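Read the structure below first, then the notes.
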Amino acid sequence: DSVAQGRRIKCWLCTKIMKQIQKLAGDNPDEGAVAAALQKGCQVLGRTIGRQCQRLVKKYRDQITEGLQNGDTPKDICAAVGICRS
């Protein structure tokens, strides 16, 4: 059904965004590195995905920061904010 399909697309998109941000943040990021990665990560993804990325980051900034600092996988972070099923 279309709801499940929409969720899969959102999950895929969230995971893609988190991978990009994680790559920019580095292996053991402090809060500053995460903040810089969140800002730059969305710009790198182009206009359409970038806008969705910014919304995602704005809404879930604390959870994303915590997940990146804990070394969670992009999929785990997306599941933690309720976009992907865990």
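Values in this text are rule-based calculations from the coordinates and carry no lab data. Treat the numbers as computed from the prediction; the structure is a model and nothing was measured. Using ideal geometry, Cβ is built from the backbone for each residue, glycine included, and neighbour counts are taken over all protein chains shown.
Which distance in nm do the two modelled labels at residue 47 and residue 66 give, with both placed 7 Å along the Cα-to-Cβ direction?
According to this spin-label approximation, the distance is 3.6 nm.
Just need the relative contact order of the range 2-80 here, percent rounded to a whole number, with Cα pairs under 8 Å and 6+ apart.
Details: 67 pairs, mean separation 30.1, N = 79.
With pairs under 8 Å counted, the relative contact order is 38 percent.
Working from Cα positions, state the angle (0 to 90°, nearest 10) between the long axis of helix 2-25 and the longest principal axis of the chain.
10 degrees
Rounded to the nearest 500 deg cm²/dmol, what is the calculated helix-only ellipticity per residue at 222 nm for the chain, with -39500 (n - 2.57) per DSSP H run of length n ≥ 4? Spell out each step's value before the answer.
Values: 4 runs with 69 residues, N = 86.
So the calculated ellipticity at 222 nm is -27000 deg cm²/dmol.
Need one number: the % of Cα-Cα pairs in the range 41-86 sitting beyond the 14 Å mark.
For the range 41-86, the share of Cα pairs beyond 14 Å comes to 51 percent.
Compute the distance in nm between two label points, each set 7 Å from the Cα along the Cα-to-Cβ direction, one at residue 27 and one at residue 39.
It works out to 2.6 nm between the two label points.
What per residue convex hull volume, in Å³, comes out for the chain when only alpha-carbon positions are used? Could you put the intermediate results ahead of the total?
Numbers: hull volume 6.5 nm³, N = 86.
So the per-residue Cα hull volume is 75 Å³.
From the phi of every residue in the range 66-71, what ³J(HN,Hα) in whole Hz does the Karplus formula 6.51 cos²θ - 1.76 cosθ + 1.60 yield, where θ is phi - 60° and glycine or proline is x?
Along the range 66-71, the couplings run 4, x, 5, 6, 7, x Hz.
Go ahead and set up a Gaussian network model of the chain, Cα springs under 10 Å, then flag whichever of 44, 57, 34 fluctuates most.
So, out of 44, 57, 34, the one fluctuating most is 44.
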